[in-house]
Amino acid sequence: MADGARADTRTTPPPPLLRVTGIVKRFGGFTALDGIDLTVRAGEIVGLIGPNGSGKTTLINVVSGLLSANAGEISLDGRSLTGLPAHRRSAAGIGRTFQIPKPFASLSVRQNLEVAARDGVDIDAVLADVELDRHAARPVSDLNSVSQKLLDLARALVTRPTLLLVDELACGLNPVELARVAERLRALAAAGIGLVVVEHLMSFIDSITDRVVVMNAGREIFGGRLRDAVQDRDVVEVFLGAPEPVAA
Amino acid sequence: MRKGFVRETALVLLPLVVVLAVMPWLYNNQLLLLNIVVFLVLAQGLNLTYGFSGYLPFGYVGFFGAGAYGFALTLMHTAAPPLLAVLVGGVAALLAGLVLAPLLRLQGAYFGLASLAAAEALRHVIANQDLSEITGGPYGVRLDVPFRPVLTYGLAIGILVLVMGLVAWLRQSRFGLRLRAARDNPVSAATAGIDVVHGRLVVWLASATAAGLIGAVYAWSAPTFFPEAVFDLSFSIFAIVFTLFGGAGTLVGPVIGVVVLYGAYNVIGVSAPKYFQLVYGLLIMALVLFFPAGLASLAVRRRRDG
Ligand SMILES: Nc1ncnc2c1ncn2[C@@H]1O[C@H](COP(=O)(O)OP(=O)(O)OP(=O)(O)O)[C@@H](O)[C@H]1O
Ligand SMILES: [Mg+2]
């Protein structure tokens, strides 16, 4: 899908859209991210997978500016984001969704997008795109959890991101909804947006990504195609159970 | 959007101003009338910060006192005309708001208490014996300023119009909507590109300035006062209870609160003010716990379709 973007630049590859190097994040004495690197190109979908607690959400929080890293560098389009607060990163082009949707509870569905929308964004079109147009005037508390997830996605989209971080959007969706979301994410990539998609559902990851990064305990243990990842000894061990029990 | 602003202004602000403007002909208690406007401004000023960013400053009276003393000290030490001194009162409160802006990092009760401590500290500085030469210290001030009841009453109404206009605008504007979003969920607000800190600071400073301006007008209308009088915690408690009772974040709520509760206070409370502080203290707790959206929310609930 994203091959077109890469093929014509064989001589001098363009700088990646997102470049994350050596990110370390500690919570007290616990190291949640232990020197993570990640690059994402425009129009590329990178799958970020790993067992529970491996640091996927923490990485998204650090990139989107909700957490500040103890060490490491983040740049978007060659511009350093290190130290920039979250709202500035949004303005710089980083959009994200939340594992558990975080709507603005006292606002209507449409107002949830109005507050986030950049000038010139057609809010009604975005609402229609995630099939929430019928609920535009309703309070968000009327929405079910799947609709709240889609609203989260819509809110990220009206900020016109160049990089979209998607944290477990697929969980809870039925197969029809899954196929639709997959199609939508592919369309975003085709439009040149870079995506990082965190997901436990492997079939979903397989259907949309060219490349996956497998994390465990705050480190990357594999990077490459999903079909090669499932052959990888470390990856298999992490997913099918470590030889020694992992502490909760 | 703009239609809502016009409608609310026409339905709430305009009738209120008309009533306040004709009141002096119907009712001959100038001091009480001025006090009503003072409390309307304080309630709406508190509404700015509590209703739109969720901060409940128990020390709100500190800005009122800063305004009263900003006014008084200007008249005592310069040749400035009283009108200019009123502005200085507003600026004094604005500066106090800026100094206290770091308190906005605190949450809930910690913020409320810290603001209370700040107001008390300011009162102690002003009432300090060693500063008597400058501030009048514990002996208070006795200003030599022309008594202009019509002008001060008109000024107070003008300040009320400004503050309520700002509340009405916040209720309809995108900026106000973004403030509400930040209040609902500061984390998603930040990731949606909203500068949460900036928004809170703006309403905080506006709220402080409103209290300062009306504090200055109050000082002009009653130019002999002690520090205790203009830093009286009752001002904070009244403003809070009026706003919560009527409904924070609305335009009409604080007005309802002042009319009903300040009315009740004047009918039965003045003879037993200490009782009323107790009752109002309890009322604040009950409102926060069981009825956080106030009376105005009853009307809102009935016509909630967009
Ligand atoms: N704010 C925090 N304070 C302390 N520890 C945290 C915090 N956030 C995350 N952690 C810890 O960091 C580790 C990584 O958490 P993270 O949420 O990033 O995992 P994850 O890969 O997203 O897991 P899941 O698949 O369950 O969502 C976990 O052990 C978690 O308990
Ligand atoms: Mg997670």
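What relative contact order, as a whole-number percentage, does chain B give when Cα pairs under 8 Å and 6 or more residues apart are counted?
On the way: 478 pairs, mean separation 90.4, N = 306.
Dividing the mean separation by the residue count of chain B yields 30 percent.
Using only protein heavy atoms and a 1.4 Å probe, report how much of A:Leu169 is accessible, in Å² to the nearest 10.
10 Å²
Report which residues of the stretch A:77-99 become buried by 50 Å² or more of accessible surface when going from the isolated chain to the complete set of protein chains (1.4 Å probe; DNA, RNA and ligands ignored).
At a threshold of 50 Å² (probe 1.4 Å), the residues of the stretch A:77-99 that become less exposed are A:His87.
If you count, for each residue, the other Cβ atoms within 10 Å and average over each peptide, how do A:135-144, B:20-29 line up from highest to lowest? Present the calculation step by step, with values, prior to reporting the outcome.
Working: A:135-144: 14.8, B:20-29: 11.9.
Most protected by this proxy first, the peptides run A:135-144, B:20-29.
Can you grab the distance from the C-alpha centre of the stretch B:166-216 to the C-alpha centre of the stretch B:31-48, Å, no decimals?
Using only Cα atoms, the two centres lie 20 Å from each other.
Need the per-residue list for the stretch A:107-142: every residue with at least 10 Å² less accessible surface in the complex of protein chains than in the chain by itself, probe 1.4 Å, sorted by number.
Those residues are A:Leu107, A:Gln111, A:Glu114, A:Val115, A:Ala116, A:Ala117, A:Ala137, A:Pro139.
Tell me the mean residue ellipticity at 222 nm calculated for chain A from its helices only (DSSP H runs of n ≥ 4, each -39500 (n - 2.57), averaged over every residue, nearest 500). Working shown, then result.
On the way: 10 runs with 82 residues, N = 248.
Here the helix-only value at 222 nm equals -9000 deg cm²/dmol.
Counting only protein heavy atoms, what percent of the accessible surface of chain A is carbon or sulfur at a 1.4 Å probe? Could the numbers behind the result be given before it?
Values: 5910 of 11550 Å².
Of all accessible area on chain A, carbon and sulfur atoms account for 51 percent.
So how strong a dipole does the protein assembly as shown carry about its Cα centre when Lys and Arg Cβ are +1 and Asp and Glu Cβ are -1, to the nearest 20 debye? List each step's numbers first, then the result.
Working: 45 positive and 39 negative charges, 206 e Å.
Its charge dipole is roughly 1000 debye.
Can you give the mean number of other chain Cβ atoms that lie within 10 Å of the Cβ atoms in peptide B:192-200?
Values: counts 16, 18, 6, 6, 3, 2, 1, 0, 0.
For peptide B:192-200, the averaged partner shielding equals 6.
Can you sort B:His77, A:His87 by solvent-accessible area, 1.4 Å probe, largest first? If you can, show how the numbers build up before the last one.
Details: B:His77 100, A:His87 35 Å².
Descending accessible area places them as B:His77, A:His87.
Cut-off under 25 Å on the C-alpha distance; same-chain residues fewer than 8 positions from A:Lys25 excluded. Which lysines are left, in chain and number order?
Answer for A:Lys25, where 25 Å is the Cα cut-off: A:Lys56, A:Lys102, listed by chain and number.
Can you work out the Karplus-derived ³J(HN,Hα) for every residue in the stretch A:97-105? Use 6.51 cos²θ - 1.76 cosθ + 1.60 with θ = phi - 60°, whole Hz, and x for glycine or proline.
10, 10, 3, 10, x, 10, x, 8, 5
Work out the charge dipole of the stretch B:2-232 with +1 on the Cβ of Lys and Arg and -1 on the Cβ of Asp and Glu about the Cα centre, then indicate which of B:Ser115, B:Leu13, B:Ile134 is farthest towards its positive end.
Going by the charge dipole, the pick is B:Leu13.
Rank these by accessible area, largest first, 1.4 Å probe: B:Tyr110, B:Tyr262.
B:Tyr110, B:Tyr262
How big a patch of accessible area, both sides summed and in Å² to the nearest 100, lies buried between B and A at a 1.4 Å probe? Mind showing how you got there, number by number?
Working: alone 14990 and 12380 Å², together 25650 Å².
Counting both chains, the buried surface is close to 1700 Å².
Tell me, what is the per residue accessible area of the protein assembly as shown in Å², probe radius 1.4 Å? Kindly include the intermediate steps, with their values, before the conclusion.
Working: 25650 Å² over 554 residues.
So the protein assembly as shown comes to 46 Å² accessible per residue, rounded to a whole number.
What is chain A's relative contact order, in percent, from Cα pairs under 8 angstrom and six or more apart in sequence? Mind dumping the intermediate values first?
Details: 454 pairs, mean separation 64.9, N = 248.
The value is 26 percent.
Long-range amide H contacts for A:Arg96: which residues qualify at under 5 Å (H placed 1.01 Å from N, peptide plane, sequence gap of 5 or more or a different chain)?
A:Leu165
The values are calculated or read from the model by the stated rules, or taken from the named source; none is laboratory data. Worth saying up front: this structure is predicted, and the values here are computed from it rather than measured. Using ideal geometry, Cβ is built from the backbone for each residue, glycine included, and neighbour counts are taken over all protein chains shown. Remember, those area values only see protein heavy atoms, side chains included, never the ligands or the DNA or RNA. Shrake-Rupley method; radii C 1.70, N 1.55, O 1.52, S 1.80 Å.
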